[in-house]
Amino acid sequence: MTPTPIALLGAVTLALAALPPARAQAQAARPAADAAPAAAPAAAPAAPTTAAVAADVQAALRKNLAERIPSLPRIDEISRTPIPGLYEVRIGHELYYADERGDHLIVQGSIIDTRSHANLTEERLDKLTAVAWDALPLKDAMVIKQGSGKRKLAVFVDPNCGYCKRFERDLAAVKDVTVYAFLYPILGPDSQVKSRDIWCAKDAAKTWRAWMLEGTTPPKTMGRCDTAALERNVEFGRKHRVQGTPAVFFEDGSRKPGALPLAEVERLLAAAARKG
């Protein structure tokens, strides 16, 4: 299984701390996810260019980083960035960057294009974490149609997530959208119980909204109920690194973590429609 961002950052941080003082790198705390039990992925370095990285640079970076930071997981890819002499080092969805000899490793950082004001780190991370709409297991979601329902978004949610409740209130105001809500109980045993009660209710979507918007406790499940969908949701989330809730997915494959403001949801829905 791919190591989590916290594990990767911890491995790097601990390894750097163990190096001689002259080689130790500055450490930066990873920002917390908007509603996550764990931290969100670190900000990514700039989108790599298409030019191939010279073999000697590849070899030097892999060799030096492996020797100097033994606990660093296997490097998946090394790419150029728009900054001469600066290279992206990708490990799963974790992105670092370094000079061509690996003498300096930046664990967390963003690169902004000052001409366009584009956040190149965010654009790169969006591409790496994108999930095609057709890949979402929509049959395992609660479906909520608002207005015509012509626009679509999916969201992974935990019933005990405060940010999810805030997001649900804003989401209820979005017009002409179909919401696919995936129960994703990751905040503890009670989340698993509530998710089961909601999923097994006669009208899961209505029960979900009543709990999230009005605080109406879901009725206890009586008898047997197939909850395999909840297990599949958790497995899907782990596979695609859904590390906090809410996590929102759009039809163009883009995704965003956290309780997005209503205006941002509208902007992203419009962007997805244009790409479609």
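The values are calculated or read from the model by the stated rules, or taken from the named source; none is laboratory data. Just so it is clear, the model here is predicted, and its values are computed rather than measured. Every residue, glycine among them, receives a Cβ derived from its backbone with ideal geometry; neighbour counts consider all protein chains shown. Only protein heavy atoms, including side chains, enter the accessible area calculation; ligands, DNA and RNA are left aside. Shrake-Rupley method; radii C 1.70, N 1.55, O 1.52, S 1.80 Å.
Computed over protein heavy atoms with a 1.4 Å probe, the carbon and sulfur contribution to the accessible area of the stretch 206-276 reaches 53%. Between ILE83 and LYS127, the contour length at 0.36 nm per residue exceeds the Cα-Cα span by 13.9 nm.
For the stretch 124-129, the Karplus equation 6.51 cos²θ - 1.76 cosθ + 1.60, evaluated at θ = phi - 60°, returns couplings of 5, 5, 4, 5, 5, 9 Hz by residue, with Gly and Pro reported as x. The charge dipole of the stretch 93-232, taken about its Cα centre with unit charges on the Cβ atoms of Lys, Arg (+1), Asp and Glu (-1) only, comes to about 900 debye. Pairs from the table (LYS194/LYS239; LYS202/LYS275; LYS202/LYS256; LYS152/LYS206; LYS165/LYS256) lying more than 25 angstrom apart at Cα are LYS202/LYS275; LYS202/LYS256. Applying a DSSP loop filter and a limit of 14 other Cβ atoms within 10 Å to the trypsin sites (Lys or Arg not before Pro) in the stretch 118-150 leaves LYS150. If R0 is taken as 41 Å, the Cβ-Cβ distance between ASP226 and ASP56 corresponds to a FRET efficiency of 0.15.
Taking K and R as +1 and D and E as -1, what net charge do the other residues with C-beta under 12 Å from the C-beta of ASP176 add up to? Can you show the working numbers first?
Working: positive: LYS145, LYS150, ARG151, LYS152, LYS175; negative: GLU266.
So the environment of ASP176 carries a net charge of +4.
How charged is the neighbourhood of ALA228? Take every other residue with its Cβ under 14 Å from the Cβ of ALA228, and add Lys/Arg as +1 and Asp/Glu as -1. Neighbourhood net charge equals 0. Here the simple spin-label model places points 7 Å from the Cα toward Cβ, and for LYS150 and LYS275 these points are separated by 2.1 nm.
The apolar share of the surface of the stretch 112-157, taken as the fraction of accessible area on carbon and sulfur atoms (1.4 Å probe, ligands and nucleic acids excluded), comes to 52 percent.
Count charges around ALA272 for me, please; just the other residues with Cβ under 13 Å from its Cβ, Lys/Arg as +1, Asp/Glu as -1. Summing Lys and Arg as +1 and Asp and Glu as -1 gives +3. Model label sites at ASP134 and SER110, defined 7 Å from Cα along the beta-carbon direction, differ in position by 3.4 nm.
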